Structures are given as C-alpha cells and as structure tokens.
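The values are calculated or read from the model by the stated rules, or taken from the named source; none is laboratory data. Values in this document were obtained by computation on a predicted structure and should not be read as measured data. Cβ placement follows ideal geometry from the backbone for every residue including glycine, while neighbour counts extend to all protein chains displayed. The area values use the complete protein model at the heavy-atom level, side chains included, leaving out ligands, DNA and RNA. Shrake-Rupley method; radii C 1.70, N 1.55, O 1.52, S 1.80 Å.
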Amino acid sequence: MSKSTYCYYKESKHLRAVERRKEKDKEILNAVLPIYTKSRNTYGYRRILLKLDDEVLESLGVGRDRIRSVLTSNGLIGRQGGNGKYHSYKGDNGEDKRNLLLEKVVDEKNIRLPL
C-alpha cells in the first residue's frame with residue numbers, strides 16, 4: 001500500500017464516523033446502564049425505552065434499534081422468565097404421599113381374570 005493511500009484512508013470520513021459512533025454508543029450506554037442495573041438486569045431494550053425520558057431520547061437522537069444494538073454489543077441482555085405455559089402441579093408441599101391403591105381391599109373370590 002502506498003503512503004498516499006494510507007494517509008488518505010487515515011484522514012477519511014469513514015474513520016471519523018466510526019469514532020463518532022463509538023462516542024455516541026458510550027453516551028447511550030451511560031443513559032441506559034442505570035435503568036438496567038436498577039431493574040436487577042431483567043429489563044430488555046423495550047422496557048428500557050419505556051423508562052427513558054422523552055427528553056433523554058430526544059437529546060440522544062437515536063431509535064430503538066440503536067439502543068438494542070448497544071445493549072447486545074455490551075452483553076446487557078434481560079433475563080427471561082419461563083415459557084409462559086400454565087403448570088397446575090404445585091409440588092408435594094412436604095407431605096408424605098402414600099399409595100392408596102396398595103391399601104385397597106380386594107375381594108379375591110369374585111375377581112375375574114382375563115383369559
């Protein structure tokens with residue numbers, strides 16, 4: 001690579017744009033991180049957007065996709081619950097369950113056995 005090409009690329013708009021984007025990502029992270037930690041790391045980008053003040057969002061000048069990408073790039077992912085299915089089983093609650101079929105009295109004289 002020639003020296004002129006290297007210097008041109010070094011001073012190009014692309015590199016400055018990348019640096020500005022990194023600075024903007026830091027601003028977004030500083031605005032979002034307190035909300036994320038206050039929620040005990042459970043909020044995702046949707047709830048964080050709802051909690052952010054409109055003034056803060058307006059001053060940042062970014063949308064939901066940008067906030068989501070900043071969160072995921074920094075590993076800030078909200079914890080999710082179960083799959084949302086209903087489970088009627090509540091557990092034994094510490095009680096000893098006995099087998100009622102073993103205690104059933106059987107009249108052995110009138111039992112019909114299958115042929």
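Here Ser39 sits with roughly 10 square angstrom of accessible surface, probe radius 1.4 Å. Looking at region 1-98, the trypsin sites (Lys or Arg not before Pro) that sit in a DSSP loop and have at most 13 other Cβ atoms within 10 Å of their own Cβ are Arg40, Arg79, Lys85, Lys90, Lys97, Arg98. If you find the alpha carbon centre of region 71-112 and of region 11-54, how far apart are they in angstrom? Cα centres, region 71-112 to region 11-54: 43 Å.
Expressed as a whole percent, the accessible surface of region 1-57 that belongs to carbon and sulfur atoms is 53, based on a 1.4 Å probe. In loop segments of region 1-71 as defined by DSSP, the GluC sites (Glu not before Pro) with at most 14 further C-beta atoms inside 10 Å of their C-beta are Glu11. For region 9-115, the solvent-accessible area works out to 92 Å² per residue, with a probe of 1.4 Å and every protein chain left in place. Exceedance of the 31 Å cut-off in Cα-Cα distance is limited, within the set Lys26/Lys85; Lys51/Lys85; Lys38/Lys85, to Lys26/Lys85.
Counting only other residues whose beta carbon sits under 14 Å from that of Arg16, what net charge do I get with K and R as +1, D and E as -1?
+3
Identify the residues of region 55-81 with backbone N under 17 Å of a label point that sits 7 angstrom from the Cα of Asn41 along the Cα-to-Cβ direction, or state none. Those under the cut-off are 71-81. Estimated from helical segments only, the mean residue ellipticity of the chain at 222 nm is -15500 deg cm²/dmol, where each DSSP H run of four or more residues counts as -39500 (n - 2.57). Working from Cα pairs under 8 Å separated by at least six residues, relative contact order for the chain is 23 percent.
In the chain, the convex hull through the Cα atoms has an average projected area of 19.5 nm², a quarter of its surface area.
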